[in-house]
Structures are given as C-alpha cells and as structure tokens.
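What follows is calculated from the coordinates using simple rules that are stated; it is not laboratory data. All values derive from a computational prediction rather than experimental measurement. FYI the Cβ positions are ideal-geometry reconstructions off the backbone, even for glycines, and counts take in every protein chain you see.
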Amino acid sequence: MAAGGGIGTVVLIGLFLLLGGSPSDIGQFLGSDQGQEQSQGEITGGDSSDEFAHCRTAEDGNKYDDCRVMYAAQSVDQVWETLLPREASLQYTKPGLVIFHDSTQSGCGIASGATGPFYCPTDQTAYFDTAFFSQLHQFGAEDAPLAQMYIVAHEFGHHIQQLEGTLGLSNYNEPGEDSNAVKIELQADCYAGIWAHHADDGADALLDPITDQQARSAIDAARAVGDDNIQERSGGQVRPDQWTHGSSEQRAQAFLSGYQSGNMASCDFLGRGVYSS
Ligand SMILES: [Zn+2]
C-alpha cells in the first residue's frame, strides 16, 4: 500500500485533530446512513483475528500495547453489552478493531499513523496506531495503561453514537465550543468514563479495580487532547470558535461525569432525554 495517501480523503471521527490541521483537512464527515447499510457480516471482532494471536494472557495485555488495546476493546464490549440495552433500549453490536502501523486502508479512506486513533462509521470499525500512544507525552500526559484504554473507550464511544444514530450530527466543518462536533466528542469522553466506572464490575471483569492514580492518568489524557491545549502547544492561539473536541477542562469533566455516575443520562450532552438509569 502506498504511504503518504492524502489525509484529506480520510473521513473519520478521531480523538483530536492533527496539529496544524484545520477541520476541513479531515474532509466531509459521513452521515450515519452509510454505516447502517454496511453488512454486519463483514466486520470481524479483534479477538478472532490473527494479528492478536500473541495476546493470550492478562500478562500480555500488561506487556504489549496492541494486546492492551485488544483487552480494552473486550472490556468495553462487555460493559456496553449490558448497559446499552438497559439504558438506551438498543442492542449492542461489537465494532471492528484494527491496529495498524504506518498506514491502512479503512472504510473511510487511507489512514496514516499521523491520523491518530479514529472510528470509521462506514465500516463500523475503530482504528489504532499504537505509536500514537507515545505522543501523549507531547501533549503533557503520561502514556499510562489506563490512558491508553481511555482512548480505546473513547473511539468505542463513537460506535455507541453510531448505534444511537447520533454520530452523523457531528461535523468538523462546523466547529465551535457549542457545536455538535464538540458535544459528540465530549459525549464520547463521557462514555469512556462510563466504561471506566463499570470496567471492574462482576466476577468476569477483565480489569482489576481502578485505582485513583489510574483514573487520574485517564483524566490527564482527556485533558491533554483538549483543543485549547493542542492549539497552545502547536504554537497557535486559543480559538474556541475552531474547537471540534472541546477544551481540556470540558474533556476532563466529561470523562469524570461518566466515571462518577456510570450512567448514560449523565452524558446526555445532546439533550435527548431518552435514557433510563
Ligand atoms: Zn472522538
């Protein structure tokens, strides 16, 4: 596959926009209809794929970033399989999971490592280049295990929105602190918090109870990928009218809100009022 494919052709919804990139560089965001036409049968879960053959034990999950992503994905699946029917009366279907290096072809176009983690609604798949994790340092956060898992849970949060039929409301071409783009991103952070709240529930939980320090590392990661922090660190001005993901404070608060409550109603930034908890 040729590297250096135009990022402009990639249609995705990510963790943050690239340094120096403007929302229009990311391209037009596809509505949720395309995703719904996709056959579920074409989507393979991470656990059935050969690329994760070396991930056999919890120890592997603690040792290798890609295994950690796989286990995080399984843990997030586990939480939403229970929660989504209960609180939103929706059936949960697992998204696809792809870990790539350098570049990959996604249902939303060619993605490079510089794209950052993203969710593609067209093929209902979350894409991760684990090299991205080392960039957390660049933004002032620690590359801690729970920080990595927060990123996985955030992208899966977009999958929940896809299932809810709300993901298509996001449009990076219409940024701003009160924009739908920001609301959708903050809700994905809040959904990640919900996962963290429930990740150690039950006897079959994949995660040990989360310590305060681990929770703090996830909150720090949410803060690090705030638009104001990224604008500042990339030498630009803080421009709330250009925000697509929310400020550091908003993102940290959104994660915390889901983490403390553990329910979807606390993440209802779109004001839908449809959740029971
Ligand atoms: Zn996102």
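Taking the alpha carbon gyration tensor of the stretch 43-130, what are the square roots of 5 times its eigenvalues, largest first, to the nearest whole Å?
For the stretch 43-130, the semi-axes come out at 22, 19, 10 Å.
In Å, what Kirkwood hydrodynamic radius results for the stretch 29-267 from the alpha-carbon pair distances?
For the stretch 29-267, inverting the mean 1/r across all distinct Cα pairs yields 17.8 Å.
Taking the alpha-carbon centroid of each part, what is the distance from the stretch 130-149 to the stretch 200-239 in angstrom?
9 Å
Going through the stretch 55-96, which trypsin sites (Lys or Arg not before Pro) have at most 16 other Cβ atoms within 10 Å and a DSSP loop state?
Passing both the DSSP loop test and the Cβ count: Arg56.
Place a point 7 Å from the Cα of Arg233 along the Cα-to-Cβ direction; which residues of the stretch 107-133 have their backbone N under 12 Å from it?
Within reach of a label on Arg233, which here means backbone N under 12 Å from a point 7 Å along Cα→Cβ, the stretch 107-133 contributes 133.
According to the square roots a ≥ b ≥ c of the eigenvalues of the Cα gyration tensor, what is the shape class of the stretch 147-273, taking rounded for a/c under 1.5, prolate for a/b larger than b/c otherwise, and oblate for the remainder?
Note, shape of the stretch 147-273 comes out oblate.
Note down the nm distance, to one decimal, between modelled labels 7 Å out along Cα→Cβ at Asp208 and at Thr57.
1.5 nm
Can you pull out the trypsin sites (Lys or Arg not before Pro) in the stretch 230-277 whose DSSP state is coil and whose Cβ has at most 15 other Cβ atoms within 10 Å?
Here the trypsin sites (Lys or Arg not before Pro) that fit, given the DSSP loop and packing criteria, are Arg272.
When the label point is put 7 Å from the Cα of Leu270 along its Cα-to-beta-carbon vector, which residues of the stretch 151-178 have a backbone N closer than 16 Å?
Taking a point 7 Å out along Cα→Cβ of Leu270, the residues of the stretch 151-178 whose backbone N falls under 16 Å are 155-172.
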